[in-house]
Amino acid sequence: MIDVKLESVSKRFTRSGEAAAVDDVTLTIAAGEFFTLLGPSGCGKTTTLRMVAGFYFPTAGHIHFGEQDVTRLAPNKRDTGMVFQNYALFPHMSVAQNVAYGLKVRKVSRADTARRVAQALTEVHLDGYGTRRIDELSGGQQQRVALARALVIRPRTLLLDEPLSNLDAKLREETRTEIRRIQRESGTTSLYVTHDQAEAMAMSDRIAVMRSGQVQQIGTPREVYHEPANAFVARFIGRSNVLSLPVTSAEATRVGVALPGGGRVTATAPDGHGLGEGDTALVAARPEHVVLVSPEEPDAIRGTVTGVEFTGMATHVTVDIGAGADGDVTVAAVDVPDRVDVGDRVGLRLPAERLWVVRP
Amino acid sequence: MTAVSSTVPSRRGEWARRLRGGASAAWFPYLLVAPLVLILWGYVVQPMLATFAESVSDDGTANYTQFLTSSGVARTSLITSLVISAASVLLCGVVGVAMAFLLKRFSFAGRRLIEAFILVPAALPPLIGAISFQLLYSEIGILPRGLQQLLGTAQPVLAFDGIAGVLVVHTFTMYPFFYLAASAALAGFDPSIEEAAYNLGAGRIRVWRTVLLPMLTPALVSASLLVFMTSLASYTAPLLFGVDQTMTMQIYINRTNGDLPMASTYAAVLGLVSIAFLLLMRWYEGRRSYLSQSKGVSAQRREIANPIGRWLAPVASVLAALVLLAPVATIALVAFSADGSWTTEVIPSAYTMDNFVTIFSEPRAFEPILNSLKMSVLATAGCVVVGVLIAYAVRRLKFVGRSLLDVGVMIAWALPGTVVAINLISAFSTGNGFSFGQALIGTFWILPLAYFVRFLPLVFRASSASLALIDPSLEEAARNLGASWWRAFLSITVRLMLPGVIVGALLAFVHGVGEFVASVLIYTSSTTPISVAINNRMYSFEIGTAAAYGMLQVVLIFVVMWFSGRLEGGGRAASRGAEQWTN
């Protein structure tokens, strides 16, 4: 097992001063870790992955596999196993031939190859599929062949480029559990790219949230969810209400803000963010932490219900709290009284212990 | 008064109801298809059978046994034709695939220059194309004579004649089949498949051997079949380079010697071989191909890093562009040369505008131009009506025998021009039902009919390609909004097909104006088309005048190519679809 280090890696595709596709990314993937690059399309996550695979060389910066500098190493010398978004299975080869390809390149003996291919196919629950043609397989089966092909060579790192995006929702959830199980068993250092935050949260040891080529935050799923570094991360991970509120008092790690309803509340600001009285703070509150109360309750934020959405586990109620706030507030309540309906006046309460001040 | 006004709308409603119901009724396709089948039967299939009947009319099967005896012209011709075709496949394959890889996979100075001209030699009409290569590379050609003068030798240097000359023409005019097929395959297949191989540790050579070549195979096999068929049908190249013992030349020689049964025998054999190849090709293309879609990451061209290569690339590109443009340039140069002024010099010694004045002002010289335009317009009109309807029927209607209709059109495409001519001679030297009881041979009408048969597949292909881009639900949407079948068909489907149909019609028209192969077997002195006039002028050493006619054809072709390229998306797809099948 090795770790993977990216040091100030940048990638520009055009020489003239256009924005970099990847801009000064530094991160370390610990040995055996399942690390995810998460971000909207065009944020540079796939470009970063492709630099680790060796399909692009960085314009600046270095990439290390353990002690080895692989920045400019050819892709076929890197010993990475990659699962492509569209699987990239060789259409003119059978399932077994696909899986055996990397072993043949590595001059593994025929007997060993056969044994390891069979083992890899068993591992992904495809025993007996070896002689099938690729176009005879379903999407989910192709996905597993791709995974087997990448893992059978016992790569130094496993690279996965949105491998689940071509599967339907149910299969996606099953497959992500499978991928994680197989990765844990093999202990391969893995880099996973996705735009699906739920997938990232469910699978990863750590996540790097990216935007416009830059890393916004690196942390465990819990950290990026509960302690977002900035408004972008707060909004991108799950649903989040981000309110711009005037600062009334400021301490080292806590900031007092005034609420639209006239109340005051103290929110956590990990390093103060340099905010002082009179500034405006961005306060993030998760829907499940906002409490729906009677509009008569003192100091409640009052507003009008503009949407009620039943999702099964909870009901999302969207409330327009008027000017001075950053749009609507969504409340995810487990028990919503049946009588709450669009157009009703309601009150909202924000629990101080769950409020988190974010950078813009 | 009231009674009349109330019955008219109801009668109209009745008709509308019938038409609407009719369009979706099970019998409707057959009503549309029946006349189309009749046309294909009457002018494509039935003449072919007539040729077969003609070939056994005098001596039974004796003509055919000639192909089996060990010596003799028949057997030699068949073998020569097959050998030339096989060699053409090899040469075109090497040139075409190399060009595709060079241009699609590498980035170097001058790449765009080559790409701009790469299809020029193949775009020339068959006769004028072959003549230009003769004027360039044969014993009397510019290059061998130029080298002779340069090196001071007694004989022209590097002169191609005979089979070698034929192969030069074939290579230059047919390598685009490989080039286009290989570049489409390279552009179509998913770069991540290649990346997956690199990722698994394969080096460049191994990726070539185990991934790229196997995945190109379907495209290469199709291109091989196409080149083989086209070479087999090739007639002008053997004619100009004096290779008498090929199938097409034997058809021509036997016909001009008046031995129609023997000419028919050759035509029947060549026709059967061509149709066999057509069926082989259809069978092969029905199998899987490896095109797939992928997300944004596209294959990037590799920069040539080697300093010598970098320096050499622009020089080689300019040279290649010169070679590609040389045939057209030669025709243009010769078109301005005075007739009889070019004997042993490297290039003609005297220049004049007279050739163009002659062909436009002298009534006898202008007549072929008029003939060609008239006959091509007539043939094109027929091709458009029949071609569009067949395309619609084959793509959109469900009926028994649909693929037979498709095959019927494609047979017209697969048959060499010489065979089409012999078929029409066999069928219409006396009157029959399809010629309304008139003998057509020796009349004006036989030529437009031959053009119609030969170029119907072009319009069909172009229409079919643009129809493939039109979502059938558009027509359904129109009908859902209340349009009748006819209205939906005309206002939506035909309107959207229009660019494709126009491209197909223009192609049919220029091919008609350039047609030589069938014309030369069936023209009369009053219906001489341009290409035959060119051929006759060449024989009487009026090379300048011949080239001037040729320039007209060339200019017309480039105008049409330019115009088709400018038509919006549908037109471009259609011209690709049609050109793929041009020979």
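The values are calculated or read from the model by the stated rules, or taken from the named source; none is laboratory data. This structure is a prediction, so every number in the text was calculated from the model and none was measured. All Cβ positions, even for glycine, are placed from backbone atoms using ideal geometry, and neighbour counts span all protein chains on display. Accessible surface is based on the protein model in full, side chains and every heavy atom, while ligands, DNA and RNA are left aside. Shrake-Rupley method; radii C 1.70, N 1.55, O 1.52, S 1.80 Å.
Top to bottom by accessible area (1.4 Å), largest first, where do B:392, B:30 land?
Values: B:392 10, B:30 100 Å².
So the residues, ranked largest to smallest area, are B:30, B:392.
Rounded if a/c is under 1.5, else prolate if a/b beats b/c, else oblate: with a ≥ b ≥ c from the C-alpha gyration tensor eigenvalues square-rooted, which is the protein assembly as shown?
prolate
With all protein chains present, calculate the accessible area of residue A:64 using a 1.4 Å probe and round the result to the nearest 10 Å².
My reading of the accessible area for residue A:64 is about 40 Å².
State, to one decimal in nm, how far the label point of residue B:352 lies from the label point of residue B:49, with both points 7 Å from Cα in the Cβ direction.
For residue B:352 paired with residue B:49, the spin-label model returns 5.5 nm.
Take the Cβ-Cβ distance between residue B:311 and residue A:214 as r, set R0 to 51 Å, and report the resulting FRET efficiency rounded to the nearest 0.05. Walk me through the intermediate numbers first.
Details: r = 41 Å, r/R0 = 0.80.
Efficiency, from the Cβ-Cβ distance: 0.80.
What percent of all Cα-Cα pairs in chain B falls in each 20 Å bin, counting up from 0?
18, 50, 27, 4, 0, 0
Can you work out the PRE-style zone for residue A:239? Point 7 Å along Cα to Cβ, and I want the residues of region A:277-291 with backbone N under 15 Å.
Of the residues in region A:277-291, A:285-291 have backbone N under 15 Å from the label point off residue A:239.
Across every pair of different alpha-carbon atoms, what Kirkwood hydrodynamic radius in Å does region B:207-247 reach?
Mean inverse Cα-Cα distance, inverted, gives 12.3 Å.
Average partner chain C-beta neighbours within 10 Å, per residue of A:74-83?
5
I'd like the mean, over residues of A:104-111, of how many other protein chain beta carbons sit within 10 Å of each residue's own Cβ. Walk me through the intermediate numbers first.
Details: counts 5, 9, 3, 0, 0, 0, 0, 0.
What the average comes to for A:104-111 is 2.
Compute the FRET efficiency between residue B:187 and residue A:125 as 1/(1 + (r/R0)^6), taking r as their Cβ-Cβ distance and R0 = 45 Å, and round to the nearest 0.05.
Details: r = 36 Å, r/R0 = 0.80.
The pair residue B:187/residue A:125 has a calculated efficiency of 0.80.
Per the helix-only calculation at 222 nm, which mean residue ellipticity applies to chain B, given -39500 (n - 2.57) for every DSSP H run of n ≥ 4 and division by its residues, nearest 500 deg cm²/dmol?
-23500 deg cm²/dmol
Sort B:428, B:241 from largest to smallest accessible area, using a 1.4 Å probe on the heavy atoms of the protein chains.
Sorted descending by solvent-accessible area, the residues read B:241, B:428.
Taking a ≥ b ≥ c as the square roots of the Cα gyration tensor eigenvalues, with a/c under 1.5 meaning rounded and otherwise prolate when a/b beats b/c, else oblate, which class fits chain A? Intermediate values should be presented prior to the final figure.
Values: a/c = 3.03, a/b = 1.85, b/c = 1.64.
In terms of gyration-tensor shape, prolate.
For chain B, list the DSSP H helices whose alpha carbon atoms reach 20 Å or more along the long axis and whose average Kyte-Doolittle value is 1.6 or above?
B:73-105, B:213-233, B:307-335, B:495-514
Other chains' Cβ within 10 Å of A:90-97 residues: what's the mean?
The shielding value for this peptide is 4.
Given points 7 Å out from each Cα along the Cα-Cβ axis, report the residue A:340 to residue B:27 separation in nanometres with one decimal.
6.6 nm
By the gyration tensor of its Cα atoms, with a ≥ b ≥ c the square roots of the eigenvalues, what is the shape of region A:206-265: rounded for a/c under 1.5, prolate for a/b over b/c, or oblate? Please report the intermediate quantities before stating the final value.
Numbers: a/c = 2.50, a/b = 2.10, b/c = 1.19.
It is prolate, given that a/c is not under 1.5 and a/b is the larger ratio.
What does the helix-only formula give at 222 nm for chain A: each DSSP H stretch with n ≥ 4 adding -39500 (n - 2.57), the total divided by the residues, and the result rounded to the nearest 500 deg cm²/dmol?
About -7000 deg cm²/dmol.
FRET efficiency for residue B:139 and residue B:113, Cβ-Cβ distance as r, R0 = 30 Å, nearest 0.05? Mind showing how you got there, number by number?
Numbers: r = 31 Å, r/R0 = 1.03.
That pair, residue B:139 with residue B:113, gives E of 0.45.
At 1.4 Å probe size, what's the solvent-accessible area of residue B:285? Round to the nearest 10 Å².
Spelled out: residue B:285, probe radius 1.4 Å, area about 90 Å².
What value in Å³ per residue do you get for the convex hull of the alpha-carbon atoms in region A:240-358?
Value for region A:240-358: 91 Å³ per residue.
Count the DSSP beta bridges whose two residues both fall in the protein assembly as shown, then state the antiparallel fraction as a percent rounded to the nearest 5.
70 percent
Taking K and R as +1 and D and E as -1, what net charge do the other residues with C-beta under 11 Å from the C-beta of residue A:259 add up to?
Overall, the nearby charge balance is +2.
In the structure displayed, which of A:11/A:45; A:77/B:104; A:11/A:104; A:11/A:107; A:5/A:45 lie more than 23 Å apart, Cα to Cα? List each step's numbers first, then the result.
Numbers: A:11/A:45 11 Å; A:77/B:104 25 Å; A:11/A:104 33 Å; A:11/A:107 34 Å; A:5/A:45 15 Å.
Check vs 23 Å cut-off fails for A:77/B:104; A:11/A:104; A:11/A:107.
Cα to Cα, under 19 Å, and not fewer than 8 places away if on the same chain: which aspartates and glutamates meet these conditions relative to residue A:170?
A:162, A:178, A:196, A:199
Evaluate the relative contact order of chain A (contact order divided by residue number), counting alpha-carbon pairs under 8 angstrom at least 6 apart; express in whole percent. Walk me through the intermediate numbers first.
Values: 809 pairs, mean separation 55.7, N = 360.
Relative contact order, chain A: 15 percent.
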